[in-house]
Structures are given as structure tokens and as C-alpha cells.
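Taking it in order: structure first as C-alpha cells, then the write-up.
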């Protein structure tokens, strides 16, 4: 493993550790800064070695060292997922300005995905942050205008799709937060690849929908995962669309 890959992985899991704070606190309208990290049960302030990403959870055997209450396995899962995500984005972009911006977007989407799964809620602050970062990506005025236009088109189309699906199913389909995520997708990859992203997210969601049947399933995790796949494998995605003659 090269020094750069190790650095990227350590950066990723550190960001993942911070994402866990966001995931647990923002839905409860708590500050992500104060108080410092503490056990959610006994409220005792954690030591520095209790906060080492991934390692601490296994070292503590998934339990608080003060009150012995269980620590959610979400912590190492989010941290490792973030580290893996950073490595895959590094493999595409290298250590560049684009890498850091795209990593920020997908870190936000990762937090949104877990919050949507756990709380069935989508914080507007995080959703707006992801959309804003996608619009300014890659920090060129002409691209920003183009991305903003794509975001409006895609969000509008998704809102229309949501309306028709809800009308025919006679129940609420997809959430309002999904519309802003659709705008993020349109801003980030444009119309053709954005359409592929929506299609892929539906393909990824269908097996889960069939398993849980009548239970409400969050859709943002599938949208975020599909977007990540399309971005990382952009060339392959374009070739696929070309083979269908969907890109002029």
C-alpha cells in the first residue's frame, strides 16, 4: 500500500468518524461541536483513544468502557465505508482539487443516506450543502451556470415523476428530499448520465422493495450509491449510453 493510499484511507475514516457525529446529532437538532464526544447513555466524556476510527469500536468490543452499554455497529461501518469511498475516488481523481470537492459531496450524501435510513428524515441543511457543492463543481463559472441549469431541470423532472407515481399508486411515493438529491445528480453528471443514475438507483432499490414489501424504504441511499457508481465508472457509463445511442 502506497503512502498516498494510506493517507487517503486514514483521511476517509477520520471524515467518517465526523459523519457519525453529524448522523446522530443533526436529526436531534444538537450542535455538532458542543458538547465533545460522549457516551449517548451515561453522557461521560470519551477519552482520545475512545475516538480512534474503526479501531476503538473493536478495542472496546462494541461497548462503552464506562457504563458497558452497547455502541452501535454503525460507527465502524460508516467509518470504513467512508475510507473505502475515499480510496475509490482517489483512484479516479488522484490528489487533486476535484478529489477533495467530490469527496465532500459524497461524504454529505453518505451522511444523508444513513440519516434517511435511520430516521426517515432528510435534513435540509445537508441536502442543500450537497446541492451547492455539486453546482459549483468543478469551480468554473461556465460550469456553475451549466450545472445550475441541469439541477433545475432534473429536480423539476423528478418532482413531476414523484407526482405521477404518487397519483397512480394512490399514496406518497418518494420524499421531498429526494427532489433536491435529483438536483444534485443533475448538477454533478448532467442529463444523460443523470438519467442513467436514476435508472440504476431504481434497479438497486427493486430487490429491497420486494423484500420489505409494504414497509417504507428510504430512496436516498440508492440514489447516492447509483451516483457514486456512475461517477467512479464514468467512462464505462458513457460507453454504455453510447452503445444504446443515447448520447449524440
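Considering only the range 51-90, how many residues are free of Cβ contacts under 8 Å to residues at least 40 places away in the same chain, part of a helix (DSSP H, G or I) and either in contact with a helix residue (DSSP H, G or I) (Cβ under 6 Å, 6 or more places away or on another chain) or exposed (fewer than 15 other Cβ atoms within 10 Å of the Cβ) (or both)? It would help to see each step written out before you state the result.
Filtering the range 51-90 down to residues free of Cβ contacts under 8 Å to residues at least 40 places away in the same chain leaves 51-52, 55-73, 76-77.
Filter once more, keeping what is part of a helix (DSSP H, G or I): 55-59, 76-77.
Now narrow it down to the ones that are either in contact with a helix residue (DSSP H, G or I) (Cβ under 6 Å, 6 or more places away or on another chain) or exposed (fewer than 15 other Cβ atoms within 10 Å of the Cβ) (or both): 55-59, 76.
Count: 6.
Here is a check on your reading of the model: is residue 160 assigned to a loop (DSSP other than H, G, I, E, B) and exposed (fewer than 14 other Cβ atoms within 10 Å of the Cβ)? Spell out how you get there, then give the answer.
Working: assigned to a loop (DSSP other than H, G, I, E, B): no; exposed (fewer than 14 other Cβ atoms within 10 Å of the Cβ): yes.
Answer is no for this residue.
Which residues, taken from the range 19-50, are surrounded by 15 or more Cβ atoms within 10 Å (Cβ to Cβ), modelled with pLDDT under 90 and not in a loop (DSSP other than H, G, I, E, B)?
Passing the criteria: only 50.
Can you give me the ranges of the helices (runs of 4 or more DSSP H) entirely in the range 165-248 with at least 2 residues that are over 24 Å from residue 84 (Cα atoms) and modelled with pLDDT of 85 or more? Even if it seems obvious, please write down each step before you answer.
Details: elements: 176-212, 220-232, 234-243.
Where helices (runs of 4 or more DSSP H) fall fully within the range 165-248 and carry at least 2 residues being over 24 Å from residue 84 (Cα atoms) and modelled with pLDDT of 85 or more, they are 176-212, 234-243.
Determine whether the range 123-145 contains at least one residue that is in contact (Cβ under 8 Å) with a residue 24 or more places away in the chain, closer than 17 Å to residue 22 by Cβ and part of a loop (DSSP other than H, G, I, E, B).
Scanning the range 123-145, I find at least one residue that is in contact (Cβ under 8 Å) with a residue 24 or more places away in the chain, closer than 17 Å to residue 22 by Cβ and part of a loop (DSSP other than H, G, I, E, B), so the answer is yes.
What are the pairs, 6+ residues apart or on separate chains, where a residue within the range 223-245 that is closer than 15 Å to residue 90 by Cα has its Cβ under 7 Å from a residue that is at pLDDT below 90 and surrounded by 15 or more Cβ atoms within 10 Å (Cβ to Cβ)?
none
The values are calculated or read from the model by the stated rules, or taken from the named source; none is laboratory data. Nothing here was measured: the structure is a model prediction, and the numbers come from that model. Heads up, the Cβs are rebuilt from the backbone with ideal geometry, glycines too, and the neighbour counts pull from every protein chain shown.
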